[in-house]
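See structure below.
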Protein chains: 2
Amino acid sequence: MPELRQDPITKRWVIIASERAHRPRQPSVIDAASNAKPCPFCAGHEDMTPPEVLAFRDGKAAANSADWSVRVVPNKYPALAPDSAAQIDNADFYRARNGVGVHEVIIESPAHVTSMAGLDERQFNRILRAYQERLRYWQTDRRWQYALVYKNQGERAGATLEHAHSQLIVLPQLPREAADELDGVEKYFAETRRCIYCDVVGVEMARPARLVSNLDRFIALCPYAPRFPYEVWILPKTHAAAFEDCSEQDIAVLGMVLRDVILRLKLSLEDPPFNFVIHSTPWNKSANTRYHWHIEIMPQLARAAGFEWGSGMHINHILPEAAASLLRHARL
Amino acid sequence: MPELRQDPITKRWVIIASERAHRPRQPSVIDAASNAKPCPFCAGHEDMTPPEVLAFRDGKAAANSADWSVRVVPNKYPALAPDSAAQIDNADFYRARNGVGVHEVIIESPAHVTSMAGLDERQFNRILRAYQERLRYWQTDRRWQYALVYKNQGERAGATLEHAHSQLIVLPQLPREAADELDGVEKYFAETRRCIYCDVVGVEMARPARLVSNLDRFIALCPYAPRFPYEVWILPKTHAAAFEDCSEQDIAVLGMVLRDVILRLKLSLEDPPFNFVIHSTPWNKSANTRYHWHIEIMPQLARAAGFEWGSGMHINHILPEAAASLLRHARL
């Protein structure tokens, strides 16, 4: 059973999920020469995963059959478990709670594609719609405070299986990053009665040194103070709190914008390992309409090291203005 | 010129040091087959580094000659620069300041040793004394708020040169981790009139499931809520705010304890890549005697990925109780 534990000094929560130590790593990730084991995410291997919770199929094929375009399954080695009892005892000096939550895998392609850049716009659209559907599904459950959709591509970005996939973790509490963002949003609103993300969009549109692309309702930009070289954010230009509430039409455009950014990264930086995360409004928060959802795309070219872990401060060796210029001029 | 920039939403500061993009990576780190270039940290190559700011020599040899045991030099590709003017303009929507600070390298051995586990107790003692001397040197300069001594061993832990070395960064402001720790210390003190680190030591000594070693004035333990598998902290058992104020005798014991932990990690986990950081009290803070210095040693076996970067919450797949048991039973 996973456990959430809190550091008594910094109040930082960590997830202790000792069963995850047993998860298999694909041979191809560890050792490119050996590729013997079948991939559990390929079409035809549906019995290697837990039964699906969502799949997009054109025809009327049965659940867990091989005819799908995007498939969502519970993570076989979850960081958190959905069905568990309440709090562990806190009578102690330390604080902990049961590791209650949801951990799902969104398999992005039935074929063994290892780079998201190999998927077309229709497939991006399906993937984003699958995210939305799963978020809407869990949102109604009062136990959850927050959900994070994220992707790890490449071993250096933390992927343990190379078949293109993303993940959803649903949490019973607001994590630190979301709390920090929400705090910033609230403070700025209290001072100005405006949304800080809307103002960031305004500033960046007016002085486009950090702009990467601008299409319809979305912009992609290198943020002013990025933690990672070539970090890119995608934001809706008009205020919107929740990614899961995007219209079908917006999701179609967003798929194009996200794919375009990933292609630019691939072409400019030789298909770098990367993470992306979708930051959407926390659930069950009265202030949730003040939030402004966005996607953060973080290439993993350098490594966080002693300084970063010890200080919480990142050293980035690429100016975001230089990064944006490179990405803007990618030959697509 | 490096720059400190603040994210307007989370208030997180980052260091943008674009000149660091030019630093050479040792061929052996990138490609084990090629080892053509000479190592700038080996004795005899003193002219490949900036002139030393400290070196321990037995004899009366001249500065920057080859006869040294530990040598400290300014980082050739510094993340921060000590001699620079004040604030960049903040008239803007965004906040930035000049990247003023210090960045030094502590070369831990004249020979080309790549693992700190290969150094003896005398050498650990010298290294720790070098840290102290440099901290004491910079501490008197009123521009600095905080200093972090850290080490990256192994490419997966962020090392770009394999010759054993550690680093010192001195900052004009308190970084996020230090602020969070100090905040926790202050809140606990306000409630209990006690030091939270002293109480952690008391709790862990009474119930030694997470104890790794216990020698003289120091204990090594796996913390209750570790971010990383096999993370170990070394703390003085009696209250002490500043590492740099340790007595010579304590430093000698600390060298033994630190070396012992690094040997246990090496023997238990096949010489893992790791970071360590020395958390000492911030400078120029009225509350600084309330802090309790300690060393955090963080093996880098897994990778921070999308979830960690997006949530600020770490998933650790090893229970600290299991980690401590493994390390306690290492056959030294």
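The values are calculated or read from the model by the stated rules, or taken from the named source; none is laboratory data. Because the structure is a prediction, the values reported are computed rather than measured. Reconstructed Cβ throughout: ideal geometry from the backbone, glycine too, with neighbour counts over all protein chains shown.
Remarks
- Total residues in region A:236-291, condition over 19 Å from A:Lys151 (Cβ atoms) and aromatic (Phe, Trp, Tyr): 2
- Against the criterion of being of a type outside the set (A, V, I, L, M, F, W, C) and modelled with pLDDT under 95, B:Gln87 qualifies.
- Boolean, B:Leu301 is assigned to a loop (DSSP other than H, G, I, E, B) and within 11 Å of another protein chain (Cβ to nearest Cβ): yes
- Residue satisfying condition, being in contact with a Ser or Thr (Cβ under 6 Å, 6 or more places away or on another chain) and either within 24 Å of B:Val14 (Cα to Cα) or hydrophobic (A, V, I, L, M, F, W, C) (or both), within set A:Gly158, A:Gly202, A:Gly184: A:Gly184
- Residue match in region B:270-293 (condition: without any contact (Cβ under 8 Å) to a residue 40 or more places away in the chain, among the polar types (S, T, N, Q), away from chain A (no Cβ under 14 Å) and farther than 30 Å from A:Gly158 by Cβ): yes
- Selection over region A:304-332 of residues that are facing chain B (nearest Cβ under 7 Å) and within 27 Å of B:Pro226 (Cβ to Cβ) gives a count of 12.
- Close pairs (9 angstrom Cβ cut-off, 6 or more residues apart or separate chains): under 16 Å from A:Tyr230 (Cβ atoms) in region A:245-263, small (Gly, Ala, Ser) and assigned to a helix (DSSP H, G or I) anywhere: A:Ile262/A:Ala117; A:Leu263/A:Ala117
- Candidate set from region B:209-239 (those that are under 22 Å from B:Leu332 (Cα atoms) and of a type in the set (Gly, Ala, Ser)); member that is surrounded by the fewest Cβ atoms within 10 Å (Cβ to Cβ): B:Ala209
- The lone exception for A:Ile315 - which of (1) within 21 Å of the chain's Cα centre (by Cα); (2) of a type outside the set (S, T, N, Q); (3) crowded, with 17+ Cβ neighbours inside 10 Å; (4) not in a helix (DSSP H, G or I) it fails: (1)
- Matching residues in region B:266-281 - criterion: being farther than 18 Å from B:Leu128 by Cβ and either assigned to a helix (DSSP H, G or I) or aromatic (Phe, Trp, Tyr) (or both): B:Lys266, B:Leu267, B:Ser268, B:Leu269
- Condition check for A:Lys76: within 30 Å of B:His317 (Cα to Cα), charged (D, E, K, R) and assigned by TED's automatic domain parsing to the domain that holds A:Ala159: yes
- Filtering region A:135-173 to residues that are at pLDDT 95 or above, over 30 Å from A:Leu267 (Cβ atoms), more than 13 Å from the chain's Cα centre (by Cα) and not in a strand (DSSP E or B) leaves A:Arg136, A:Tyr137, A:Trp138.
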